[in-house]
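The values are calculated or read from the model by the stated rules, or taken from the named source; none is laboratory data. Computed from a predicted structure; not experimentally measured. Cβ placement follows ideal geometry from the backbone for every residue including glycine, while neighbour counts extend to all protein chains displayed. These area figures cover heavy atoms from the full protein model, side chains too; ligands, DNA and RNA do not enter into them. Shrake-Rupley method; radii C 1.70, N 1.55, O 1.52, S 1.80 Å.
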Amino acid sequence: MADSNVSYNPLPDGERPRPTRRRSIVLVLSGLLVVGFLVALLSDNGSIAPTNVIDNDNNNVNDNAQNGLNDVSSSSKDPERLRPFTSASSAGVSEKSNRRFGARTASYPWTNNMLSWQRTAFHFQPQKNWMNDPNGPVFYKGWYHLFYQYNPNGAIWGDIVWGHAVSKDLIHWYHLPLAMVADQWYDIMGVWTGSATILPDGKLMMLYTGSTNESVQVQNLAYPADPSDPLLIKWVKYPGNPVLVPPPGIGAKDFRDPTTAWLTSEGKWRIAIGSRINRTGITFVYDTKDFINYELLRGVLHGVPNTGMWECVDFYPVSTTGEHGLDTSHNGPGVKHVVKASMDDDRHDYYAIGTYHEKNVTWVPDNPEIDVGIGIRYDYGLFYASKTFYDQNKKRRVLWGWIGESDSEIADVKKGWASLQGIPRTVALDTKTGSNLLQWPVEEVDSLRLTSKEFKKIELKPGSVMPLDVGSATQLDIVAEFELDKAALEKTAESNVEFSCSSSEGSAERGALGPFGLLVLADDSLSEQTPVYFYIAKGKDGSLKTYFCTDQSRSSEANDVNKSKYGSFVPVLEGEKFSMRVLVDHSIVEGFAQGGRTTITSRVYPTKAIYGAARVFLFNNATGASVTSSLKAWQMNSAFIRPYPDDDDERHSGTEPTYEVRGSKTKYLGNLLTSSLLFLNARNNFL
Amino acid sequence: MKAILFVFPFVLAVAYFPISQCQNLPLIEQTCKQTPYYGLCVTSLKSDPRSKTAGDVQAIALIMVDIIKAKAGGSLQHIEKLKQKYPALRVPLSACKDRFNAIIIGDVPQAVEALTKGDPKFAVDAANDAALEADSCERGFSGKSPITQMNKLNHDISIITASIVKTML
């Protein structure tokens, strides 16, 4: 694979390079020189000693006293109930609302240094401007394709068209020209979200929503202009568009985001489209034989009262017996179906597991109390408009999600871009609980791992913080396990108060059995820190309930960024340790608890804990229990996401580009470090 | 008798066709009731002649976005004057200029797009952000702001706008 950005001369078949002894010495010396150089650059750390108890009162930045200035959020005063029940109306926030302001800090000026640092190294984002929903993800002729809602003209939502990128491995992406622009009356106001379907004969159909010249939401068909082009650069819109308009009685603006189609046993294709009737979110179902003519099936696949408009509906089968993915058309024994929708009202993605009845075109949730829109969320942080696709290449189902910004517009305008895609995740049924999905970063993420540091059985007494010497701390993959003293778990007094990450005091709220976890993107003095942690509460009946949270209240000294706490209950089964995986990639932190039962994505914008000043710590702020932790932390390489080369020959061949990246476009320490590490790594391979 | 028959249709006409101005009062009041600043909402809208003929919540929301834009523009001009008057406050005033600029080139266009093209949630975001920018401007003075009232006004009309658009979701 062309991961290496070091060029080499291809050798005749069968030969392996055999450097001479002298050459080995030269290489080792140059490696040492590079390391020495880096040590010199980074050696302003000073000594790092274990610090003291985290104060409970050193932050007031995130609280319910909003200094008399409100914003439009139904502030989450409702505690998060026992997972899986959450109230759809309890949040009602959008990404730029739900501000909790810092009382003590003045308005913080964003410098170019701080803003440039925020760009991620291995998450998909266009070179500039605004992005939102992932569209039409698909694996076709050897390439993974990602399309996305894009504004070619600015860092705000508007003038939406389809961006496009390809990858061989879901990680290293190449930007391609815009796939579709708003050039027809039926999508002139917006080329909105859609999904791809691959037919058994290999044909690719793309259905998408267009906002017409009168702002009516209609569904349109598009397909590749040249199906033999693996890069699918050019697209054709079906001349007879639109193929679907809002059904009678449905609002012109309440009909969007068609799903991937699935085959029925009658050999017809079936799709779902979200909508609403008054405050009840619903999904319509249509049958078609040709993707051009559709029959609206009677009733709806499903609906849930008081959930509002359902956007980005997704519908797919999961295996009850294994972790492999299933083709969207798959049905039969050993299968359950997931219905997912994005709630326009509260900007969260919810899913529910249930049974699909093909004949009478209904889907029934296993547990109506945790139905779509009122139950489990894919992610308890910023994660919206998500969409899965079946990856027939590796027989897995992969989930994409739009991660917006939670900073202020002034910063987006200054930095010239907004939004990321989350790290792609595999999604499968959790066969141990049977009642939730598991999400995990795709295995190709592991290919970004460079050097690692391992820590075994570190004991953290109550109220302790321990720095972890992992080297650079802005691009990390951390896998950590925690154990509590059994006696401490048993003897803790019962609590009657229901815990909720979002209405707690965050990592500063000390309980008997929590919080404990990691502090990422922290600086030496901990004036900025982003805790990702567990909090164990004891219920009235003596049972333990574990919560997984991310606390943004002290992530940044800036006061125009979101400071709320995210998280939810996470099932921990008998005999399981508390485990988390955390991906840190500049301004995005993604936490996965208990193998992906609960996940949290946050955007963080530190002003100090950036570049070489970022650190990682372990912490235990519980009062009544020691915690023992073992963890491994890897430096993560950049994915070097860049435009596909302009060379027509290379583009026509559809092969992966092999040109080298000359020099370094970036001037920042983080990338310099990773480039150097990659260089060393590549040289090591060569030897 | 004949006179009454002659007059009756006119009486009916007057009874059944309310004066056009009265027709929109319920819409403005009804909409403003769902915002946290009812009085300001009503007076802001009524000060704009377009509110008389606004037919739905979307039209009302677009008027409010226009008011945000106008107020932000006026605030920018005021800030320029203050920079001359209070050279010691140059730094926070410059930050405020950037903030109101972001409202005008970022939040307002996004709100208008979202409302006219049919995805109003992005207008809620934009309006909320406009409130945040005004608030951040105010904080830059660490308590010694010469433009507190102005910032509060910008903040409040933005919140009003966000609340109104939220009812469309």
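Can you compute the charge dipole magnitude of the range A:445-636 about its Cα centre, using +1 on each Lys and Arg Cβ and -1 on each Asp and Glu Cβ, nothing else charged? Give it in debye, rounded to the nearest 20. Write down the numbers at each step before the final one.
Working: 21 positive and 24 negative charges, 29 e Å.
The calculated dipole for the range A:445-636 is roughly 140 debye.
Find out how many positive minus negative residues lie around A:F255, taking Lys and Arg as positive, Asp and Glu as negative, among other residues whose Cβ is under 13 Å from that of A:F255. Write out the running numbers ahead of the final one.
On the way: positive: A:K253, A:R256, A:R276; negative: A:D254, A:D257, A:E311, A:D344, B:D119.
Result for the neighbourhood of A:F255: -2.
Run the numbers on the range A:403-425: which residues show a drop of 30 Å² or more in accessible area, chain on its own versus all protein chains together, using a 1.4 Å probe over heavy atoms?
By number: A:E409, A:I410, A:V413.
Compute the accessible area of each residue in the range A:147-166 twice, once for its chain alone and once with every protein chain present, using a 1.4 Å probe on heavy atoms, and list those whose area falls by at least 20 Å².
A:I156, A:W157, A:D159
Considering only protein heavy atoms and a 1.4 Å probe, what is the carbon-and-sulfur percentage of the accessible area of the range B:25-166? Write out the running numbers ahead of the final one.
Working: 3220 of 5540 Å².
So the carbon and sulfur contribution to the accessible surface is 58 percent.
From the backbone phi of the range A:434-446, what are the Karplus-calculated ³J(HN,Hα) couplings (6.51 cos²θ - 1.76 cosθ + 1.60, θ = phi - 60°) in whole Hz, Gly and Pro given as x?
For the range A:434-446, the Karplus-derived couplings read x, 10, 8, 8, 10, 10, 8, x, 4, 4, 4, 4, 4 Hz, x marking Gly and Pro.
Given R₀ = 35 Å, FRET efficiency for A:R298-A:K395 by Cβ-Cβ distance, to 0.05? Don't skip to the end; give the middle numbers.
Details: r = 35 Å, r/R0 = 0.99.
Between A:R298 and A:K395 the formula returns 0.50.
Counting only heavy atoms of protein chains, what accessible area per residue, in Å², does the range A:398-485 have with a probe of 1.4 Å?
31 Å²
For A:S495, A:S386, what's the largest-to-smallest order of accessible area, 1.4 Å probe?
Numbers: A:S495 40, A:S386 0 Å².
Final ranking, largest accessible area leading: A:S495, A:S386.
Name the residues whose placed amide hydrogens come within less than 5 Å of the amide hydrogen of A:T451, ignoring near sequence neighbours (fewer than 5 apart) on the same chain.
Here the answer is A:Q635, since their amide H atoms fall under 5 Å of that of A:T451.
Within the range A:445-575, what whole-number % of the accessible surface is contributed by carbon and sulfur, with the 1.4 Å probe and all protein chains included in the calculation?
Numbers: 2250 of 4630 Å².
Within the range A:445-575, the accessible surface is 49 percent carbon and sulfur.
Give, rounded to the nearest 20 debye, the magnitude of the charge dipole that the range A:306-464 has about its Cα centre when Lys and Arg contribute +1 at Cβ and Asp and Glu contribute -1 at Cβ. If you can, show how the numbers build up before the last one.
Working: 19 positive and 24 negative charges, 139 e Å.
Approximately 660 debye in magnitude.
Which of B:K71, B:K97, B:K144 moves the most in a Gaussian network model of chain B with Cα springs under 10 Å?
B:K144
Taking beta carbons within 10 Å but only from partner chains, what does the mean come to for residues B:136-148?
Numbers: counts 10, 3, 3, 11, 5, 2, 4, 1, 0, 0, 0, 0, 0.
Whole-number average of other-chain Cβ neighbours for B:136-148 is 3.
Using the per-residue mean of other Cβ atoms lying within 10 Å as a proxy for protection, in what order, highest first, do the peptides A:575-588, A:338-351 fall? Could you put the intermediate results ahead of the total?
Numbers: A:575-588: 20.8, A:338-351: 25.7.
Top of the packing list down: A:338-351, A:575-588.
Quick one: which bits of the range B:112-133 get at least 50 Å² less accessible when the partner protein chains are in, versus the chain alone, with a 1.4 Å probe?
B:E113, B:K117, B:G118, B:D119, B:K121, B:F122, B:D125, B:N128, B:L132
Keeping every protein chain present and rolling a 1.4 Å probe, give me the accessible area per residue for the range B:25-166 in Å².
Details: 5540 Å² over 142 residues.
Per-residue accessible area for the range B:25-166 comes out at 39 Å².
Hey, which lysines would be in cross-link range of B:K85, C-alpha to C-alpha under 22 Å, not counting anything within fewer than 8 residues on its own chain?
Partners found: B:K71, B:K97, B:K144, B:K152.
Work out the mean other chain Cβ neighbour count within 10 Å for the residues of B:94-105 and drop it here as an integer.
For peptide B:94-105, the averaged partner shielding equals 3.
Where does the range A:304-448 land on Rg(C-alpha)/(2.2 N^0.38 Å)? Can you show the working numbers first?
Details: Rg = 16.3 Å, N = 145, 2.2 N^0.38 = 14.6 Å.
The reported ratio for this selection is 1.12.
Give me the summed buried accessible area for the B-A pair, 1.4 Å probe, to the nearest 100 Å². List each step's numbers first, then the result.
On the way: alone 9920 and 27510 Å², together 34010 Å².
Buried area between the two chains comes out at roughly 3400 Å².
I'd like the Karplus ³J(HN,Hα) series for the range A:404-415: coefficients 6.51, -1.76, 1.60, θ = phi - 60°, whole numbers in Hz, and an x wherever there's a Gly or Pro.
x, 8, 10, 9, 9, 4, 4, 6, 4, 5, 5, 7
Can you give the average number of partner chain beta-carbon atoms within 10 Å of each beta-carbon in peptide A:209-216, as a whole number?
Values: counts 1, 0, 4, 2, 0, 1, 6, 1.
Partner Cβ neighbours, averaged per residue: 2.
Highest mean first, how do A:301-311, A:241-251, A:397-407 rank when packing is the count of other Cβ atoms within 10 Å averaged over residues? Walk me through the intermediate numbers first.
Details: A:301-311: 22.8, A:241-251: 15.7, A:397-407: 25.0.
Highest to lowest by the protection proxy: A:397-407, A:301-311, A:241-251.
What order, most packed first, do the peptides B:102-113, A:409-420 have when packing is the mean number of other Cβ atoms within 10 Å of each residue? Walk me through the numbers before you get to the answer.
Details: B:102-113: 24.1, A:409-420: 22.2.
In descending order of packing, they fall as B:102-113, A:409-420.
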